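Enquirer: To start, I am sharing the structure in question, which I have written as structure tokens.
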Amino acid sequence: MRILIASDKFKGSLTGSEVASALAEGIRNADAGIHVDAIPVADGGEGTVAAALAVGFTTVNATVTGPTSGSVTAQFAVKDDQAIIEMAAASGLDVLPGGLLAPLTATSRGTGDLIRAALDHGCTTIILGVGGSACTDGGAGMLQALGAKLTDITGRDVAPGGAALADLASVDLSDLDGRLAHATVILAGDVDNPLLGERGAAAVFAPQKGADPQDVRLLDAALGHYAAFLVREPGVRDVVDAPGAGAAGGVGYAALAVLGAERRPGLEVVQELTGLAERVASADLVVTGEGSLDEQSLGGKAPIGVAQVAKDAGVPVIAICGRTLLTPAQLSAAGFARTYALTDLAPDVPTAIAQAARFVTEIGARIAADAADIAQGGLS
């Protein structure tokens, strides 16, 4: 029996690698004869670097501009001339000082610092995973870090953050890092929102970053003002309405418009990096999962993608999660032969989160006991 573990993180408790490790421990303790292969997966956001490191990429640390003040140490992954960058590592909610939200002033500048660090490392293909961002600045900070000049009517650099873009009076991209012209940028993410309007970066995502309704209106207007200036520059593509332009507070817009990025589904990128299809094909059973299996999962999160790969290969797949809000019919339709939830073992959600590794290990033992029947279609 060969079991492949391909799990995303359990946000707030375990990384994808930690989930795999705890599962493998439980499986092996219950049945030492089962061969376990493990690989973390992600949907292009947080966890993408970890997935790359698990398949031979190496870590590079860089000191970059934080989302609001000071600097943060962020890591990216490198192999040959390819770099994997997570925006969240430099400009994310999780690295806000003290966790204090700053919807109007948070900047993506650190993401630009990471791209420049990758270029300094000799990388010519840069995969930018977006998700978990703290800012709604249309990628202005990212462009500034890469050499763009964004100034107000006095000739001074506009202040950090999306709100200050309302003061923008001039854009000059002539000093943009010349190495970008010879680099391939991949925007890895599943958000298909445009930059502006009721489905735009401000309206849909800024409230998650602390914006109230007045802030949302201000940010949306400022982003529109910024885009109107940016598109006048030679070589800038008019992609305000393009799917993905609203990703990561509008960083998607700057990447598509100025960096000439190609947008690809994050899970697809991670699957290619990790050789997921080949590893699924050699397994008898696949285990995938994430912290919460819910309606958002069905929109293309990592476990659903893994389940599709397993289905295509004719390999049964089961899910492990902290909790599930999906019905048995929805889980079956997604392709899962069986689902194990930590909340089935823990007395409450806080305990499931606090002692996640222990409960995952227990579920690993249950999977080992059930594996033969599941692989033969005996359980549903």
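The values are calculated or read from the model by the stated rules, or taken from the named source; none is laboratory data. Small disclaimer: the values here were computed from a predicted structure and weren't measured. Note that each Cβ is placed from the backbone with ideal geometry, even for glycine, and that neighbours are counted across all protein chains shown.
Enquirer: Pull up the stretch 167-202, narrow it to residues that are of a type outside the set (A, V, I, L, M) and buried (at least 19 other Cβ atoms within 10 Å of the Cβ), then point me to the one that is modelled with the lowest pLDDT.
Expert: Here the residue is Asp190.
Enquirer: I've got another one for you. Within the bounds of the stretch 339-357, is there any residue that is in a strand (DSSP E or B), more than 13 Å from Leu23 (Cβ to Cβ) and touching a strand residue (DSSP E or B) at 6+ places or on another chain (Cβ under 9 Å)?
Expert: Taking every residue of the stretch 339-357 in turn, at least one turns out to be in a strand (DSSP E or B), more than 13 Å from Leu23 (Cβ to Cβ) and touching a strand residue (DSSP E or B) at 6+ places or on another chain (Cβ under 9 Å).
Enquirer: Moving on. Can you find a residue that is in the same structural domain as Leu219 (by TED's automatic domain parsing), out of contact with any Asp or Glu (no Cβ under 6 Å at 6 or more places or on another chain), basic (Lys, Arg) and in contact (Cβ under 8 Å) with a residue 60 or more places away in the chain anywhere in the stretch 78-93?
Expert: No, the stretch 78-93 contains no residue that is in the same structural domain as Leu219 (by TED's automatic domain parsing), out of contact with any Asp or Glu (no Cβ under 6 Å at 6 or more places or on another chain), basic (Lys, Arg) and in contact (Cβ under 8 Å) with a residue 60 or more places away in the chain.
Enquirer: Do we find that Leu331 is farther than 15 Å from Asp8 by Cα and in contact with a strand residue (DSSP E or B) (Cβ under 6 Å, 6 or more places away or on another chain) in this structure?
Expert: When the stated conditions are applied, Leu331 passes them.
Enquirer: Residues in the stretch 118-127: is at least one under 18 Å from Ala74 (Cβ atoms), surrounded by 19 or more Cβ atoms within 10 Å (Cβ to Cβ), in contact (Cβ under 8 Å) with a residue 60 or more places away in the chain and under 19 Å from the mean Cα position of the chain (by Cα)?
Expert: yes
Enquirer: I've got another one for you. Output the residues belonging to the stretch 45-68 that are assigned to a loop (DSSP other than H, G, I, E, B) and within 14 Å of His121 (Cβ to Cβ).
Expert: Listed by number, the list holds a single entry, Phe57.
Enquirer: Only residues that are surrounded by fewer than 24 Cβ atoms within 10 Å (Cβ to Cβ) and under 20 Å from Glu278 (Cα atoms): list them for the stretch 25-44, please.
Expert: Selection gives Ile34, His35, Val36, Asp37, Ala38, Ile39.
Enquirer: Additional query: So, Leu331, is that one assigned by TED's automatic domain parsing to the domain that holds Ala20 and either part of a helix (DSSP H, G or I) or at pLDDT below 95 (or both) or not?
Expert: For Leu331, the condition - assigned by TED's automatic domain parsing to the domain that holds Ala20 and either part of a helix (DSSP H, G or I) or at pLDDT below 95 (or both) - is met.
Enquirer: Go through the residues of the stretch 139-161 one by one and say whether even a single one is closer than 29 Å to Thr48 by Cβ and loosely packed, with under 15 Cβ neighbours inside 10 Å.
Expert: Taking every residue of the stretch 139-161 in turn, none turns out to be closer than 29 Å to Thr48 by Cβ and loosely packed, with under 15 Cβ neighbours inside 10 Å.
Enquirer: How about the stretch 45-74: which of its residues are within 27 Å of Thr274 (Cα to Cα) and buried (at least 21 other Cβ atoms within 10 Å of the Cβ)?
Expert: Scanning the stretch 45-74 gives Gly45, Glu46, Gly47, Thr48, Val49, Ala50, Ala51, Ala52, Ala62, Ala74.
Enquirer: Return the only residue of Pro234, Pro303, Pro328, Pro265 being of a type outside the set (Gly, Ala, Ser) and either in contact with a Cys (Cβ under 9 Å, 6 or more places away or on another chain) or buried (at least 22 other Cβ atoms within 10 Å of the Cβ) (or both).
Expert: Pro303
Enquirer: Here is a follow-up. Show the residue pairs meeting these rules: Cβ distance below 9 Å; 6+ apart or different chains; first residue within the stretch 164-183 and under 17 Å from Gly260 (Cβ atoms); second residue basic (Lys, Arg) and assigned to a helix (DSSP H, G or I).
Expert: Listed pairs, sorted by first residue: Asp177/Arg116; Arg179/Arg116.
Enquirer: Still on this model: Given (1) more than 14 Å from Val41 (Cα to Cα); (2) charged (D, E, K, R); (3) in contact with a Cys (Cβ under 7 Å, 6 or more places away or on another chain), where does Lys311 come up short, assuming only one miss?
Expert: The failed condition is (3).
Enquirer: A further question on this structure: Is it true that Gly138 is within 18 Å of Gln75 (Cβ to Cβ) and at pLDDT 95 or above? Spell out how you get there, then give the answer.
Expert: On the way: within 18 Å of Gln75 (Cβ to Cβ): no; at pLDDT 95 or above: yes.
It is false that Gly138 is within 18 Å of Gln75 (Cβ to Cβ) and at pLDDT 95 or above.
Enquirer: Considering only the stretch 256-306, state which residues are among the hydroxyl-bearing types (Ser, Thr, Tyr) and in a strand (DSSP E or B).
Expert: Selection gives Thr288, Ser292.
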